[in-house]
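The values are calculated or read from the model by the stated rules, or taken from the named source; none is laboratory data. These numbers come from a predicted model, not from an experiment. Here Cβ is always computed from backbone atoms with ideal geometry, including for glycine, and neighbour counts include all displayed protein chains.
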Amino acid sequence: MSLIKKIKDKKVNFEFNKEYIKVVTSKIANNDAQFITNSFKEMHPADAADIIEHLNQNDRESLIKLNNFNIDPEVFIELNESVQSEIITYLSSDSIVSILINLESDDAISILENVPEKDKNSILGSLPPKDRFALLESLSYPEDSAARLMQREFTAIPSNWSVGQTIDYLRENKDLPEEFLEIFIVNEEFKPIGTVPSSKVLTTSRDTKMLTIMSESQLLIPVDMDKEEVGNLFENYNLNSAAVVDKTNKLVGMIMSDDVLTILQEEAEEDALRLAGVGDEEITDGVIKKTKRRFNWLLLNLFTAFLATWCISLFGATIEQMVVLAFLMPIVASMGGNAGMQTLAVTVRTIATNDLTKNNFSSNVTKEFAIGILNGIIFAAISAFIVQIWFQDNILSIIISISMVLTMIIAGLFGILVPFTLKKMNIDPAIASSVFVTTITDVIGFVSFLGVGAYFL
């Protein structure tokens with residue numbers, strides 16, 4: 001293991017070798033909790049989490065059950081969700097309570113979500129009243145809402161305070177978050193009326209009123225806003241932090257850019273996996289769990305494959321008349337499938353970022369139609385040229401040319417129409433679109449190719 005540099009006095013490693021993992025495994029087998037504890041203390045929490053994820057399940061269980069070993073809360077929150085859930089089953093209720101107490105509210109709620117329902121109440125009952133109330137209130141909101149994403153630790157001051165009063169408050173108050181970029185200005189009803197960058201406070205004279213240096217332009221996030229929408233707002237407006245307000249517009253929390261970055265990453269990964277028909281899958285998931293996640297979509301794909309086969313069977317006489325058509329069919333279907341998936345991937349992403357709307361939908365459909373025509377003509381010419389050289393058959397070259405143009409146009413259109421329609425039906429387009437688009441392009445590819453072939457033959 002080569003330790004590259006330090007971040008906040010924690011050694012950072014960019015790649016752990018197998019030998020070091022073996023050392024850790026052997027120390028666990030020898031019940032050497034001291035070595036593990038000391039090693040993890042000097043590491044960045046992300047690296048310590050990475051090591052735990054590289055261990056097999058039995059070694060992770062042995063690690064957690066080592067005498068005098070307590071997993072660092074900062075390490076715990078860096079673990080992927082499946083490993084987190086697994087380790088929770090090894091921890092006592094007191095250990096989980098200790099972890100929750102030492103974390104900010106947004107991290108604490110994300111961990112509590114993975115605790116089995118039967119243990120949740122006892123853990124909540126062991127927490128200090130203030131922490132228990134905050135977590136219970138967060139749990140009352142939908143899982144994908146801003147309330148689950150926000151942290152309740154924030155810095156807010158009355159509107160009539162001076163810079164000097166603010167600085168004194170920041171120095172004396174021990175309940176403030178460790179890091180914050182903005183100070184929220186609130187009125188008598190605790191409603192946010194503006195923000196002041198912490199750097200501006202430090203560079204302004206003590207007698208200056210905070211009202212005079214605050215920015216009134218701020219973006220307030222409702223507690224029930226979907227976290228994906230929150231991510232889009234941060235991305236669109238380049239926000240570092242934002243206030244979260246309840247239904248009465250009172251300040252209840254704050255969302256930081258690092259939390260949003262995690263959400264954006266998760267959503268991007270989730271969309272990519274769903275387009276492949278996999279779903280929310282982790283590398284640490286077991287064989288049975290992975291199989292279950294993939295089964296439904298593979299089953300649906302099997303039925304759609306039979307549908308495509310049935311379409312081919314309708315042109316049995318045409319294929320018998322010119323057997324070479326059977327050799328060339330996959331070319332047209334494959335090109336159509338790839339073109340459709342390209343359009344689909346772009347469309348799903350634009351839907352996720354709210355870039356595809358009713359206002360620009362028609363223009364984007366027209367654009368995809370034009371792209372389909374252009375790509376169809378280009379690849380029709382290439383395909384016809386190759387077929388002509390290969391088979392020396394003018395009719396066959398014409399057949400593949402016409403079918404290629406038709407297939408590319410249809411593939412592009414359905415690549416945008418299918419996910420947009422599913423979105424209108426309140427169905428996640430990332431989940432279901434790929435199967436439908438693939439089926440449609442396959443069927444259209446086969447039917448167009450064999451249909452054109454039947455016409456000319």
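Return the only residue of Thr353, Thr357, Thr347 being over 14 Å from Met408 (Cα atoms), hydroxyl-bearing (Ser, Thr, Tyr) and modelled with pLDDT of 85 or more.
Working: Thr353 fails: modelled with pLDDT of 85 or more; Thr357 fails: modelled with pLDDT of 85 or more.
So the residue among Thr353, Thr357, Thr347 that is over 14 Å from Met408 (Cα atoms), hydroxyl-bearing (Ser, Thr, Tyr) and modelled with pLDDT of 85 or more is Thr347.
Given the residues Ile395, Ile399, Ile410, which is the only one that is surrounded by fewer than 18 Cβ atoms within 10 Å (Cβ to Cβ) and either among the hydrophobic types (A, V, I, L, M, F, W, C) or more than 24 Å from Leu344 (Cα to Cα) (or both)?
Details: Ile399 fails: surrounded by fewer than 18 Cβ atoms within 10 Å (Cβ to Cβ); Ile410 fails: surrounded by fewer than 18 Cβ atoms within 10 Å (Cβ to Cβ).
Only one candidate qualifies: Ile395.
Go through the range 357-395 and give me each residue that's more than 26 Å from Ala308 (Cα to Cα) and in contact with a Phe, Trp or Tyr (Cβ under 7 Å, 6 or more places away or on another chain).
Phe361
From (1) surrounded by fewer than 16 Cβ atoms within 10 Å (Cβ to Cβ); (2) of a type outside the set (D, E, K, R); (3) assigned to a loop (DSSP other than H, G, I, E, B); (4) touching a strand residue (DSSP E or B) at 6+ places or on another chain (Cβ under 9 Å), pick out the condition that doesn't hold for Gln218.
Tallying (1) surrounded by fewer than 16 Cβ atoms within 10 Å (Cβ to Cβ); (2) of a type outside the set (D, E, K, R); (3) assigned to a loop (DSSP other than H, G, I, E, B); (4) touching a strand residue (DSSP E or B) at 6+ places or on another chain (Cβ under 9 Å), Gln218 fails exactly one: (1).
Yes/no matrix, rows are residues, columns are (1) out of contact with any Pro (no Cβ under 9 Å at 6 or more places or on another chain); (2) surrounded by fewer than 20 Cβ atoms within 10 Å (Cβ to Cβ); (3) not aliphatic (A, V, I, L, M):
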| residue | (1), (2), (3) |
| --- | --- |
| Glu178 | yes, yes, yes |
| Ile185 | no, no, no |
| Lys227 | yes, no, yes |
| Tyr237 | yes, yes, yes |
| Ala243 | no, no, no |
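Hydrophobic (A, V, I, L, M, F, W, C) and closer than 30 Å to Val230 by Cα: which single residue out of Val324, Val387, Val348 fits that description? Before the answer, list the steps.
Working: Val324 fails: closer than 30 Å to Val230 by Cα; Val387 fails: closer than 30 Å to Val230 by Cα.
The conditions single out Val348.
Does the range 98-129 hold any residues that are of a type in the set (Lys, Arg) and modelled with pLDDT under 85, and which are they?
As a first pass, look at the range 98-129 and keep what is of a type in the set (Lys, Arg): 118, 120.
Within the range 98-129, just Lys118 meets the criteria.
Output the number of the condition that Asp50 fails; it satisfies all remaining conditions of (1) out of contact with any strand residue (DSSP E or B) (no Cβ under 9 Å at 6 or more places or on another chain); (2) not in a loop (DSSP other than H, G, I, E, B).
(1)
Could we say that Gly316 is in the same structural domain as Val452 (by TED's automatic domain parsing) and surrounded by 14 or more Cβ atoms within 10 Å (Cβ to Cβ) here? Let's see the steps before the verdict.
Values: in the same structural domain as Val452 (by TED's automatic domain parsing): yes; surrounded by 14 or more Cβ atoms within 10 Å (Cβ to Cβ): no.
When the stated conditions are applied, Gly316 does not pass them.
Which of the residues that make up the range 230-251 are assigned to a helix (DSSP H, G or I), free of Cβ contacts under 8 Å to residues at least 40 places away in the same chain and either of a type outside the set (S, T, N, Q) or on the phi > 0 side of the Ramachandran plot (or both)? Lay out the reasoning, then the answer.
Step one: of the range 230-251, the residues assigned to a helix (DSSP H, G or I) are 230-237.
Okay, now just the ones that are also free of Cβ contacts under 8 Å to residues at least 40 places away in the same chain, so 231, 233-234, 236-237.
Passing the criteria: Gly231, Leu233, Phe234, Tyr237.
Among (1) over 21 Å from Pro330 (Cβ atoms); (2) out of contact with any helix residue (DSSP H, G or I) (no Cβ under 7 Å at 6 or more places or on another chain); (3) surrounded by fewer than 15 Cβ atoms within 10 Å (Cβ to Cβ), where does Thr350 come up short?
Here Thr350 clears every test but (3).
Being farther than 28 Å from Leu233 by Cβ and among the β-branched types (Val, Ile, Thr) is the filter here, so list the residues in the range 204-221 that pass it.
In the first step, residues of the range 204-221 are kept if they are farther than 28 Å from Leu233 by Cβ; the result is 204-209.
Across the range 204-221, the qualifying residues are Thr204, Thr208.
In the range 186-212, how many are of a type in the set (Val, Ile, Thr) and under 37 Å from the mean Cα position of the chain (by Cα)?
Filtering the range 186-212 down to residues of a type in the set (Val, Ile, Thr) leaves 186, 193, 195-196, 201, 203-204, 208, 212.
Narrowing further to those that are under 37 Å from the mean Cα position of the chain (by Cα): 186, 193, 195-196, 201.
Residues in the range 186-212 being of a type in the set (Val, Ile, Thr) and under 37 Å from the mean Cα position of the chain (by Cα): 5 in total.
Is it true that Val97 is of a type in the set (A, V, I, L, M, F, W, C) and touching a residue at least 40 places away in the same chain (Cβ under 8 Å)? Explain how you work it out, then say what you get.
Working: of a type in the set (A, V, I, L, M, F, W, C): yes; touching a residue at least 40 places away in the same chain (Cβ under 8 Å): no.
Criteria not met by Val97.
Out of everything in the range 105-130 that is part of a loop (DSSP other than H, G, I, E, B) and under 28 Å from the mean Cα position of the chain (by Cα), what residue ends up being nearest to Gln151 (Cα to Cα)?
Going through the range 105-130, the residues part of a loop (DSSP other than H, G, I, E, B) turn out to be 113-116, 127-128.
Filter again for under 28 Å from the mean Cα position of the chain (by Cα), leaving 113-116.
Values: Glu113: 15, Asn114: 18, Val115: 19, Pro116: 22 Å.
Among residues in the range 105-130 that are part of a loop (DSSP other than H, G, I, E, B) and under 28 Å from the mean Cα position of the chain (by Cα), the one nearest to Gln151 (Cα to Cα) is Glu113.
If a residue has to be touching a residue at least 60 places away in the same chain (Cβ under 8 Å) and either small (Gly, Ala, Ser) or crowded, with 18+ Cβ neighbours inside 10 Å (or both) to count, how many in the range 58-85 make the cut?
Going through the range 58-85, the residues touching a residue at least 60 places away in the same chain (Cβ under 8 Å) turn out to be 80-83.
Checking the rest, the ones that are also either small (Gly, Ala, Ser) or crowded, with 18+ Cβ neighbours inside 10 Å (or both) come to 82-83.
Matching residues across the range 58-85 total 2.
Taking only the range 132-181 into account, find how many residues are of a type in the set (Asp, Glu), assigned to a loop (DSSP other than H, G, I, E, B) and under 26 Å from the mean Cα position of the chain (by Cα). Even if it seems obvious, please write down each step before you answer.
Taking the range 132-181 first, the residues of a type in the set (Asp, Glu) are 137, 143-144, 153, 168, 172, 175, 178-179.
Now narrow it down to the ones that are assigned to a loop (DSSP other than H, G, I, E, B): 143-144, 153, 175, 178-179.
Next cut, under 26 Å from the mean Cα position of the chain (by Cα) only: 143-144, 153, 179.
Looking only at that region, the number is 4.
For Phe327, all conditions in the list (1) closer than 18 Å to Leu450 by Cβ; (2) under 39 Å from the mean Cα position of the chain (by Cα); (3) at pLDDT below 85 hold save one; what is the number of the exception?
(2)
Suppose the filter is assigned to a helix (DSSP H, G or I), over 30 Å from Asn426 (Cβ atoms) and without any contact (Cβ under 8 Å) to a residue 60 or more places away in the chain; does Ile399 pass it? Full working, then the answer.
Details: assigned to a helix (DSSP H, G or I): yes; over 30 Å from Asn426 (Cβ atoms): yes; without any contact (Cβ under 8 Å) to a residue 60 or more places away in the chain: no.
Taking the combined requirement at face value, the residue does not satisfy it.
Could you please give the count of residues in the range 81-97 that are farther than 18 Å from Ala49 by Cα and part of a helix (DSSP H, G or I)? Can you show your working first?
At the first step, the residues of the range 81-97 found to be farther than 18 Å from Ala49 by Cα are 92-94, 97.
Within this subset, residues satisfying the condition of being part of a helix (DSSP H, G or I) are 93-94, 97.
Qualifying residue count for the region: 3.
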